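The structure under discussion appears below in the form of structure tokens.
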Amino acid sequence: MRVLLMALIVSVVVMFLIGCTSSVVSKKDDEQDTDSSDLDSDSDSDSDSDSDSDSDSDSDSDSDSDSDSDSDSDTDTDTGTDTGPLWDVDICQTGGYMNDCGIISCGSPPPSLTETMVIPVTGNGKLVTLSIDTNPRTIFSFSDISATLSNGTTTVKFYNNYNAATGATSHNFPTDWPIPHFWGEEIGGTWTLEFEDSEYTAGNGFALLEWCLTFEDPGTTAAYLTSGNWAGSQTGQIDDYNSTNDPPSPTTTVFETKINDLINTGGSTPTLSMTVSHSSPSDLSIWLITADGTTVYIKSQGTATIPSTYPLDTLSSDWLTGMYKLSFKDHTAGNSGTLSGWSIGI
């Protein structure tokens, strides 16, 4: 009995001690959780503080970087792209190959070469000079070629099957064409240079190596002339009808001259003057191809007299600058003549 009582007491004491130990352990766990929570809170606080610091740093850095970068970039761009107007600058471009028409047939359409050049918007110009560089033609000159220049608004036929005066001996295309026909027009836009071969001549093609446009500064361009007299650079014999050909055929004699001065008629009518001697004037027909490609018929075969002056009232342009071709065709054998002088005046 006593033994059972003692066992019961020991059992109660042991259970009491286990309960106390569990309470202490739970309390310690609670304290550790609290400390851990505090530590997490401190850590979060520190992290937020660091994040705020980083944010401030990034914000300051981005702000400074953007500000400096934008400022420097804008300044450099403005300085680097401010090249000014394209005045007095040779603007050049390479070209393609022009086929020959041939002696039998030109085909339809005839051979042509078209090249374009885009010029930035710059302002209204006055005088443009066209320069052309080709390889030499090995058989004939460029007397079978016509050429035009256009800015999309105005088209100028500046070359009209010209012959000896423009390089027939060297077989190179003549260059440096002062063209005032675009006076007062915006130079920016698409410019088109076109060649055409519509003459049945045995020749050969040519390569357009380079073509250049030079827009003269309108502030320094000389004023154009409205009066004067410009003498023809070629004179000489007017050939007789060719009776030795099989079959015999009329003979055409061509005289050319180039006016480089800036001349504007201002609405007035220019005059062709010429001094011609011929024992049979009725044998001749006479015509003039003007700088803008207009053909002016001066005299037909059968007319007994040759006029010493002729009004050029059919010109399609007010500009006289460019090349002129005065032609005489003799339709009857037996007589030749002489052109001793000619001029274009206003």
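Going from most exposed to least, what order do W87, W183 have by accessible area with a 1.4 Å probe? Before the final figure, lay out each step's value.
On the way: W87 45, W183 65 Å².
In descending accessible area the options line up as W183, W87.
Please go through the residue pairs K258/K299; K157/K258; K157/K299 and name each one whose alpha carbons sit more than 20 Å apart in this structure.
K258/K299; K157/K299
Calculate the length of the line joining the C-alpha centroid of the range 203-255 to that of the range 317-344, in whole Å.
11 Å
Provide the net charge surrounding T269, with neighbours chosen by a C-beta distance below 14 Å and charges set as Lys +1, Arg +1, Asp -1, Glu -1.
So the surrounding residues net to -2.
Just read off the accessible area of V118 with the full protein assembly in place, 1.4 Å probe, to the nearest 10 Å².
The accessible area of V118 comes to roughly 110 Å².
Go through L209, L288, L262 and list them by solvent-accessible area, largest first, probe radius 1.4 Å.
The ordering from most to least exposed comes out as L209, L262, L288.
Can you run phi through the Karplus equation (6.51, -1.76, 1.60; θ = phi - 60°) for the range 316-327 and list ³J(HN,Hα) in whole Hz, with x for Gly and Pro?
Taking θ as phi minus 60°, the curve returns 8, 9, 7, 8, 9, 5, x, 9, 10, 10, 9, 10 Hz for the range 316-327.
Largest first, what is the accessible-area ranking of D292, D240, D144, D88 with a 1.4 Å probe?
Greatest to least solvent exposure: D88, D240, D292, D144.
Under unit Cβ charges (Lys, Arg +1; Asp, Glu -1), what dipole magnitude, rounded to 20 debye, does the range 280-342 have relative to its Cα centre?
140 debye
The values are calculated or read from the model by the stated rules, or taken from the named source; none is laboratory data. Note that the coordinates shown come from a computational prediction; the quantities given were computed from them, not determined experimentally. Cβ sites come from the backbone with ideal geometry, for glycine too, and all protein chains shown count toward neighbours. Surface accessibility is based on the protein's heavy atoms, side chains included, excluding ligands, DNA and RNA. Shrake-Rupley method; radii C 1.70, N 1.55, O 1.52, S 1.80 Å.
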